[in-house]
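Worksheet: the structure to be examined is printed underneath.
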Amino acid sequence: MSTLGTLDGGSFKAGSRGLGLAFIRVRATRLLDIMVGVWIFTGGFVLFEPSPYELTFLVVLPLAFAGGVGLYRSAFGLLAILLAFTPFALIACFQVRFTPLTDALLFSIVTIFLMVTAYFIANYVAEATEKRMRVVMGAYTAAAVFCAILGTLAYLGLIPGAEIFTRYGRAKATFNDPNVFGPFLVLPAMFALQRVLLGSGRAAIMAGMVFLTLFVGVFVSFSRAAWGHFALSSLIVLVLCFWLEAAARDKVRIMIMSLLGAAMLVVALAGLLSIPAVASLFETRTAGQDYDSGETGRFGRQGYAFELALDNPLGIGPNEFSFLRIIEAPHNVYVTVLHVYGWGGGALYFLLVILTLWRGIAALARPSPYRLMMIPLVATFIMLAGESAIIDTDHWRHYYLVVGLIWGISTAIRNDDRRTAPRHQMLI
């Protein structure tokens, strides 16, 4: 009674408000993890714009504020790049001569939006890293496996309405382009490969099945860039796991499993190539393409585009290149960003790529429980950065997801002094 007597009405109300806010925060945090999983899963469905990925993020963001997701100083670089990039991108929009201003603004707003998603996911996985990475990669893997199976069945003509999920005789699943569908499958495949190499028992077997499913999905996209991306990222994961994480016993096992895995992939590839239509398209895609050579070919266009960029410090604006002397886009992000966002915006985009590579590679040099999570991310992003020289990646949703994850995991590595942890906990 005496304790209750010391509480006046104001302090009681303040305490009630505090309890109410705490209750809201707990519920928002629980709902946030669910919605993040839904948001990541919808990243595999982009048949129309705006896609469910954009719409669900509009639910995720207020939940993040209500749940009190922390903002980390080590991720501030991403925010600084975003804030500095925005005015350059908007100024470049007003340089357009042929493209409607509303279309140009929409294009740049999408880029800014994707940078916001990278900043969010960096802060999200920097805290409760193991749990939240399982949410993110579980949803991503589920979406990738679904898309790979759908794309493969559609390519083989085994489902009704297969033409919706193919383009030019190539699988695209629920994407607009096979050249986006194929690379989308790479990151979860790299996490699966790591579980095959360092895991054991049932988990390794399941991971092997996931890896094989995604391999087939990448193959039937018939994207040469995706083929190279998948192969070289796999090699990087193999080397990094062998070098950084494997004990002596593991190294023998990795070598044996690598040989067996390579043999299985060869068998799977031979099985696919035994189908006449597959063999014919494979031969066509591996041969030289007319649009790669000549003055108006891919590399000729890139030379012209670079000269054009040097003459326009403020940029020419989004989608303007197709109205000039060479109609088809240069398909080189490092030139395109100079056109679309000007020299300032282009330089900031370059800085984003360089800092992301640096943070990822630097994090690998530091023993940490989270290094296992960083290996597939770095292996994937190195190839995404290289692939950007021959294909447009500046609006790929999973590109910015990988960027954010690298910044977030590197933050977790900096903030956690542990050098090791049970491996089964950190194999995502």
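Per-residue SASA remark: M206, around 100 Å² accessible (1.4 Å probe; ligands, DNA and RNA not included).
Take E320, E245 and sort them by solvent-accessible surface of the protein heavy atoms, 1.4 Å probe, largest at the top.
Working: E320 5, E245 40 Å².
Final ranking, largest accessible area leading: E245, E320.
Annotation for L58 and H424: the two label points, set 7 Å from Cα along the Cα-Cβ direction, are 4.4 nm apart. Couplings 3J(HN,Hα) for segment 204-213, derived from phi with the Karplus relation 6.51 cos²θ - 1.76 cosθ + 1.60 (θ = phi - 60°), are 5, 5, 4, 5, x, 5, 4, 4, 5, 4 Hz, where x marks Gly and Pro. Computed on protein heavy atoms with a 1.4 Å probe, the accessible areas place E387, E163 in the order E163, E387, largest first. Pairwise inverse Cα distances across segment 296-428, averaged and inverted, put the Kirkwood hydrodynamic radius at 16.4 Å.
So between R285 and A84, what do we pick up on full extension, going 0.36 nm a residue minus the alpha carbon distance?
Working: separation 201, 0.36 × 201 = 72.36 nm, distance 4.06 nm.
That pair, R285 and A84, stretches by 68.3 nm at full extension.
Size descriptor for segment 106-227, Kirkwood hydrodynamic radius: 15.6 Å (Cα pairs only, one decimal).
An oblate overall shape is assigned to segment 17-152, the ratio a/c of its alpha-carbon gyration tensor axes (a ≥ b ≥ c) being 1.5 or greater and a/b not exceeding b/c.
In order along segment 110-121, the Karplus-derived 3J(HN,Hα) couplings, from 6.51 cos²θ - 1.76 cosθ + 1.60 at θ = phi - 60°, round to 4, 4, 4, 4, 5, 5, 4, 5, 5, 5, 4, 5 Hz, and Gly and Pro are given as x.
How high is the relative contact order of the chain, in percent, counting Cα pairs under 8 Å that sit 6 or more residues apart?
Working: 588 pairs, mean separation 88.2, N = 428.
In percent, rounded to a whole number, it is 21.
Size of segment 329-388: Rg and Dmax of its alpha carbons, in Å, are 14.0, 43. In this structure, the amide hydrogen of R167, modeled 1.01 Å from its nitrogen in the peptide plane, lies closer than 5 angstrom to those of K172, counting only residues at least 5 positions away or on a different chain.
Under the Kirkwood approximation applied to all pairs of distinct alpha-carbon atoms, what is the hydrodynamic radius of segment 143-294 in Å?
On the way: mean 1/r = 0.0618 Å⁻¹.
Radius from the Kirkwood sum: 16.2 Å.
Couplings 3J(HN,Hα) of segment 89-98, computed from phi: 5, 6, 4, 4, 4, 7, 8, 5, 10, 10 Hz, in residue order, whole Hz [Karplus 6.51 cos²θ - 1.76 cosθ + 1.60, θ = phi - 60°; x for Gly and Pro]. Per-residue SASA remark: T129, around 10 Å² accessible (1.4 Å probe; ligands, DNA and RNA not included).
The values are calculated or read from the model by the stated rules, or taken from the named source; none is laboratory data. Everything numeric here is computed off the predicted structure, so don't read it as measured data. In this analysis, Cβ positions are derived from the backbone assuming ideal geometry, glycine residues included, and neighbour counts consider all displayed protein chains. Just so you know, the surface numbers come from the protein's heavy atoms only, side chains and all, with ligands and any DNA or RNA stripped out. Shrake-Rupley method; radii C 1.70, N 1.55, O 1.52, S 1.80 Å.
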